[in-house]
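Written out below as structure tokens is the structure these notes cover.
The values are calculated or read from the model by the stated rules, or taken from the named source; none is laboratory data. Please read these numbers as outputs of a predicted model, since none were measured by experiment. Note: ideal-geometry Cβ built from the backbone for every residue, glycine included; neighbour counts use all protein chains shown. Heads up: the accessible areas ignore ligands, DNA and RNA and are worked out on the full protein's heavy atoms, side chains in. Shrake-Rupley method; radii C 1.70, N 1.55, O 1.52, S 1.80 Å.
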Amino acid sequence: MGSGVRLQAGTFTRLNLFVDTSVWSLALRRDRQPTEPAVTFLARALADGDAIFTTGLVLQEILQGFHGPKAQESILARFAAHPLLVPDRHDHVRAAELRNTCRRQGIQVGTIDALLAQLCIRHGLTLLTADRDFERIARIEPLEIWQS
């Protein structure tokens, strides 16, 4: 676990929370009130001014799930307040190792999920997710997942 992370602008800061695409997607929906506990926790963390980090992959996945210029503007405005973690070579190598370790244990992990898990592990982040796949990773890797 490092004490800081390299951000886009090259500054270093302490981290505490990484929000996965699954939670952002539920939180940004306007067609129904989210009931997922992770979404409620995200709203509280945002209101309290907690440090919330993301990465370009999560931003890209969110943008791909919503359509139209107004939706894109709204998402970009919301994400502007959250620094992006920039994975380096070590993160990609370690994510491949994590994925291979999981596969040997009979756990299927996608490439993006492996990288997100690696970023959380490396920087000591708690992962806020509604995706149960990460729980399987956490059984064999030191991934901290928020529990309601």
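Some points to look at:
- Breaking point among (1) at pLDDT below 90; (2) touching a helix residue (DSSP H, G or I) at 6+ places or on another chain (Cβ under 9 Å), for Thr21: (1)
- Filter result for Thr111 (under 15 Å from Ser22 (Cα atoms) and either open to solvent by 80 Å² or more (accessible area, probe 1.4 Å) or polar (S, T, N, Q) (or both)): no
- Cross-chain or 6+ apart pairs with Cβ under 7 Å, the stretch 122-140 first and touching a residue at least 60 places away in the same chain (Cβ under 8 Å), then open to solvent by 30 Å² or more (accessible area, probe 1.4 Å) and aromatic (Phe, Trp, Tyr): Thr126/Trp146; Leu127/Trp146; Leu128/Phe41; Leu128/Trp146
- Answer residue from the stretch 121-147, given it is touching a helix residue (DSSP H, G or I) at 6+ places or on another chain (Cβ under 9 Å), within 21 Å of Val86 (Cα to Cα) and assigned to a helix (DSSP H, G or I) and is most open to solvent (accessible area, probe 1.4 Å) among those: Arg122
- Criterion violated by Phe53 - all others in (1) assigned to a helix (DSSP H, G or I); (2) within 15 Å of Leu128 (Cβ to Cβ) satisfied: (1)
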